[in-house]
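A quick write-up on the structure given underneath.
Just so it is clear, none of the values below were taken in a lab; they were calculated from the coordinates. Quick caveat: nothing in here was measured; it's all calculated off a predicted structure. Note: ideal-geometry Cβ built from the backbone for every residue, glycine included; neighbour counts use all protein chains shown.
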Amino acid sequence: MNEDPIDRSGLSRRFWEHKPLTRMTQREWEALCDGCGKCCLNKLEDEDTGTVALTRIACRLLDDATCRCAQYDIRHQFVPECIVLKPENLDSHAYWMPETCAYRLLWEGKPLFDWHPLISGTPESVHEAGVSVRGWTLPEFEIPEEEWEDHIIEEPT
Ligand code: SF4
Ligand code: SF4
């Protein structure tokens, strides 16, 4: 499972350190995703406080062995609400994104972790660092929504 589904070849060295998110090419933007899969876990948001709790209940399309969307290109046919993250909408989504997500880190002005595939050179490093969802999610179709509260977790960081 070493093959990286994201093409990170030929990009400028450490481009994210000198290029603003809004100036990145599409390939650079896509390459920022570390493949952790944590954004595909269901969250519970408290409408009064705005607090977001993460659960181990995964979107129906998440493959928790690869931590990838099983139908990424046509996912909106099955999950119309899935967000298409872009520089223009990052401001309104960063608050619920995982703390280790590269988009959120850069939006907050923070550096990427050494286990990021752009730095380590391998997509396996995100799993080896224990920050991905590999092997521990529950599929949403098996758990009634009223029970999701019982599956709230701390984000693995
Ligand atoms: S949380 Fe961020 S880095 Fe992880 S899979 Fe989602 S978009 Fe990619
Ligand atoms: S549709 Fe795919 S990309 Fe969107 S949340 Fe589900 S698994 Fe993740």
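Every residue, every condition in (1) within 24 Å of ARG27 (Cα to Cα); (2) touching a Leu at 6+ places or on another chain (Cβ under 8 Å), yes or no:
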| residue | (1), (2) |
| --- | --- |
| LYS86 | yes, no |
| LEU112 | yes, yes |
| LEU118 | yes, yes |
| GLY121 | yes, no |
| GLU147 | no, no |
| ILE153 | no, yes |
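Surrounded by 11 or more Cβ atoms within 10 Å (Cβ to Cβ), hydrophobic (A, V, I, L, M, F, W, C), in a helix (DSSP H, G or I) and free of Cβ contacts under 8 Å to residues at least 24 places away in the same chain: does that describe LEU105?
Numbers: surrounded by 11 or more Cβ atoms within 10 Å (Cβ to Cβ): yes; hydrophobic (A, V, I, L, M, F, W, C): yes; in a helix (DSSP H, G or I): yes; free of Cβ contacts under 8 Å to residues at least 24 places away in the same chain: yes.
Considered against the rule, which asks whether it is surrounded by 11 or more Cβ atoms within 10 Å (Cβ to Cβ), hydrophobic (A, V, I, L, M, F, W, C), in a helix (DSSP H, G or I) and free of Cβ contacts under 8 Å to residues at least 24 places away in the same chain, LEU105 comes out as yes.
How many residues does the range 64-78 contain that are out of contact with any Asp or Glu (no Cβ under 8 Å at 6 or more places or on another chain) and within 14 Å of ligand 1 (Cβ to nearest atom)?
Filtering the range 64-78 for residues out of contact with any Asp or Glu (no Cβ under 8 Å at 6 or more places or on another chain) gives 64-68, 71-78.
The next check asks that each one be within 14 Å of ligand 1 (Cβ to nearest atom); those that pass are 64, 66-68, 72, 75.
Going through the range 64-78 one residue at a time, the tally reaches 6.
Do the conditions hold for GLY37, that is, is it on the phi > 0 side of the Ramachandran plot and more than 16 Å from the chain's Cα centre (by Cα)? Please lay out each step first, then the result.
Details: on the phi > 0 side of the Ramachandran plot: yes; more than 16 Å from the chain's Cα centre (by Cα): no.
Considered against the rule, which asks whether it is on the phi > 0 side of the Ramachandran plot and more than 16 Å from the chain's Cα centre (by Cα), GLY37 comes out as no.
Yes or no, residue by residue, for (1) more than 19 Å from ARG60 (Cβ to Cβ); (2) away from ligand 2 (no atom under 16 Å from the Cβ); (3) within 16 Å of the chain's Cα centre (by Cα):
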{"residue": "ILE74", "(1), (2), (3)": "no, no, no"}
{"residue": "PHE78", "(1), (2), (3)": "no, no, no"}
{"residue": "VAL84", "(1), (2), (3)": "no, no, yes"}
{"residue": "LYS110", "(1), (2), (3)": "yes, yes, no"}
{"residue": "PRO117", "(1), (2), (3)": "yes, yes, yes"}
{"residue": "SER120", "(1), (2), (3)": "yes, yes, no"}
{"residue": "VAL131", "(1), (2), (3)": "yes, yes, yes"}
{"residue": "GLU146", "(1), (2), (3)": "no, yes, no"}
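For the range 2-31, enumerate the residues that are surrounded by 12 or more Cβ atoms within 10 Å (Cβ to Cβ), assigned to a helix (DSSP H, G or I) and among the acidic types (Asp, Glu).
Matches in the range 2-31: GLU28, GLU30.
For residues that are free of Cβ contacts under 8 Å to residues at least 24 places away in the same chain and closer than 16 Å to LYS38 by Cα, scanning just the range 116-134, find the one that is farthest from ligand 1 (Cβ to nearest atom).
GLU128
Is there a residue being touching a Phe, Trp or Tyr at 6+ places or on another chain (Cβ under 9 Å), within 13 Å of ligand 1 (Cβ to nearest atom) and farther than 26 Å from GLU147 by Cα anywhere in the range 39-46? Outline the logic, then answer.
Of the residues in the range 39-46, the ones touching a Phe, Trp or Tyr at 6+ places or on another chain (Cβ under 9 Å) are 39, 42-45.
Next cut, within 13 Å of ligand 1 (Cβ to nearest atom) only: 39, 43.
Filter once more, so that each one left must be farther than 26 Å from GLU147 by Cα: none.
No, the range 39-46 contains no residue that is touching a Phe, Trp or Tyr at 6+ places or on another chain (Cβ under 9 Å), within 13 Å of ligand 1 (Cβ to nearest atom) and farther than 26 Å from GLU147 by Cα.
Condition first: within 11 Å of ligand 1 (Cβ to nearest atom) and free of Cβ contacts under 8 Å to residues at least 60 places away in the same chain. Can you find one or more residues in the range 53-63 that meet it?
no
Report, by residue number, each residue of the range 108-118 that is in contact with a helix residue (DSSP H, G or I) (Cβ under 9 Å, 6 or more places away or on another chain) and either surrounded by fewer than 15 Cβ atoms within 10 Å (Cβ to Cβ) or basic (Lys, Arg) (or both).
Of the range 108-118, the ones in contact with a helix residue (DSSP H, G or I) (Cβ under 9 Å, 6 or more places away or on another chain) are 108, 110-118.
Hits for the range 108-118 are GLU108, LYS110, PRO111, ASP114.
Does at least one position in the range 131-153 carry a residue that is hydrophobic (A, V, I, L, M, F, W, C) and at positive phi? Talk me through it step by step, then tell me what you get.
Narrowing the range 131-153 to residues hydrophobic (A, V, I, L, M, F, W, C): 131, 133, 136, 138, 141, 143, 148, 152-153.
Adding the requirement that they be at positive phi leaves none.
Scanning the range 131-153, I find no residue that is hydrophobic (A, V, I, L, M, F, W, C) and at positive phi, so the answer is no.
Can we say VAL131 is part of a loop (DSSP other than H, G, I, E, B) and either under 30 Å from GLU17 (Cβ atoms) or not hydroxyl-bearing (Ser, Thr, Tyr) (or both)?
Working: part of a loop (DSSP other than H, G, I, E, B): yes; either under 30 Å from GLU17 (Cβ atoms) or not hydroxyl-bearing (Ser, Thr, Tyr) (or both): yes.
Yes; evaluated as a whole, the condition is true for this residue.
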